[in-house]
Amino acid sequence: ERMLVVQYGQILKKWDSCTIWGKWRLVSGGELYDIHADPGQKNDVAAQNAGVVKKMRDHYEAWWGRVEPGLREFQPLSIGSEHENPVALSSSDWQEVYCDNVNSILSGAGGPQGAPWRVLVERDGEYEISLRRWPAERDLPLNAPCPEKKMTAGVLPAGKAMPIAGAKLTMAGQALAAKTAAADKAATFRLKLKGGTKTDLHAWFQDAAGNDVCGAYYAYVRRL
């Protein structure tokens with residue numbers, strides 16, 4: 001029987017997995033279960049089946065060796081396409097930083113610089129990139145808190161205010177910075193990009209003293 005690897009986790013790490021071989025399930029590289037005798041996987045039998053564990057670990061090691069070199073080859077998001085312009089990016093697609101739910105954004109999670117988006121520039125041209133702390137539909141200033149919102153079921157809690165007074169953006173070898181006023185709802189940059197370019201779009205906010213405070217949770221990219 002062939003073995004099958006099930007790898008899980010948004011940020012892939014070695015041994016965050018289950019290796020499947022017939023009746024056997026090797027969990028996290030060290031726990032072994034016989035699902036025919038123990039379908040609830042309550043009885044770890046790794047100590048009694050060292051040969052099975054070794055064979056399954058060896059299979060996983062070989063599999064990991066094949067996939068690991070490509071783990072940081074992120075699938076790019078297209079910008080500037082004639083079929084979708086503008087494009088709205090959110091922190092759910094940041095590279096290697098988990099920030100893909102509303103509670104993460106409301107609490108200001110993700111670190112002082114957030115993380116980049118991997119993008120593909122579809123066409124040559126001048127691009128406008130508007131960075132926001134809150135989604136455009138909330139229409140809130142960058143440094144304002146987000147009021148709680150009554151939903152169909154329950155209430156979305158209030159969001160944390162961040163002391164945003166400026167923004168930085170790096171992309172395709174270009175680095176831009178801008179100061180923002182208290183009432184600004186976005187920090188907007190313009191830059192020229194070449195079609196066919198795959199690059200990282202990295203943007204974050206700073207306070208009045210120039211300290212990094214949080215990533216730009218939303219970026220709206222439009223080819224002019």
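The values are calculated or read from the model by the stated rules, or taken from the named source; none is laboratory data. Given the structure is predicted, the values throughout are model-derived calculations rather than measurements. No Cβ is skipped: glycine too gets one built from the backbone with ideal geometry, and neighbour counts run over all protein chains shown. Accessible surface is based on the protein model in full, side chains and every heavy atom, while ligands, DNA and RNA are left aside. Shrake-Rupley method; radii C 1.70, N 1.55, O 1.52, S 1.80 Å.
Rounded if a/c is under 1.5, else prolate if a/b is larger than b/c, else oblate: which is the stretch 1-99, with a ≥ b ≥ c the root eigenvalues of its Cα gyration tensor? Prolate, since a/c reaches 1.5 and a/b exceeds b/c. Could you tell me how many degrees, from 0 to 90 and to the nearest 10, lie between the Cα long axis of helix 50-67 and the main elongation axis, the longest principal axis, of the Cα atoms of the chain? With both axes taken from Cα atoms, the answer is about 30 degrees.
Note: the stretch 77-188, Cα convex hull, 124 Å³ per residue. For the pair the stretch 139-161 and the stretch 67-105, the centres of their Cα atoms are 23 angstrom apart.
Would you mind classifying the stretch 102-141 by shape? Square roots of the alpha carbon gyration tensor eigenvalues, ordered a ≥ b ≥ c; an a/c under 1.5 is rounded, otherwise it is prolate if a/b is larger than b/c and oblate if not. Judged from the Cα gyration tensor, the stretch 102-141 comes out oblate (a/c at least 1.5, b/c at or above a/b). For the stretch 65-111, GluC sites (Glu not before Pro) meeting the loop criterion (DSSP other than H, G, I, E, B) and having at most 12 other Cβ atoms within 10 Å: E73, E82, E96. Per residue of the chain, the DSSP helices (runs of n ≥ 4 H) give a summed -39500 (n - 2.57) that works out to -3500 deg cm²/dmol at 222 nm.
If you count Lys pairs in the stretch 128-197 whose Cα atoms are under 16 Å apart, skipping same-chain pairs closer than 8 places in sequence, the total is 4. In this structure, L120 and E148 have a Cβ-Cβ separation that, at R0 = 41 Å, corresponds to a calculated FRET efficiency of about 0.65. For the stretch 46-137, report the translational diffusion coefficient in µm²/s to the nearest whole number, using Stokes-Einstein at 10 °C, 1.306 mPa s, and a Kirkwood Rh over Cα pairs. After rounding, the answer is 94 µm²/s. Across the chain, the mean sequence separation of Cα contacts (distance under 8 Å, 6 or more residues apart), normalised by length, yields a relative contact order of 21 percent. In a DSSP loop and with at most 10 other Cβ atoms within 10 Å, the GluC sites (Glu not before Pro) in the stretch 1-69 are E1. Remark: the stretch 1-155 carries 57 Å² of accessible area per residue (probe radius 1.4 Å; ligands, DNA and RNA excluded). For a straight C-alpha distance cut-off of 27 angstrom, the lysines reachable from K13 (same-chain residues fewer than eight places away being disregarded) are K23, K42, K54, K55, K198. Its residues counted as N, the chain yields a C-alpha radius of gyration over 2.2 N^0.38 Å of 1.32.
Of the residues Y220, V155, A183, the one whose Cα sits farthest toward the positive end of the charge dipole of the stretch 97-224, with +1 on the Cβ of Lys and Arg and -1 on the Cβ of Asp and Glu, is Y220. Loop-resident GluC sites (Glu not before Pro) (DSSP state other than H, G, I, E or B) in the stretch 125-184 with no more than 15 further Cβ atoms inside 10 Å of their Cβ: E148. Surface composition of the stretch 30-78: carbon plus sulfur atoms hold 50% of the accessible area, using a 1.4 angstrom probe and ignoring ligands, DNA and RNA. With K and R counted +1 and D and E -1, the other residues having a Cβ less than 11 Å from that of G210 yield a net charge of 0.
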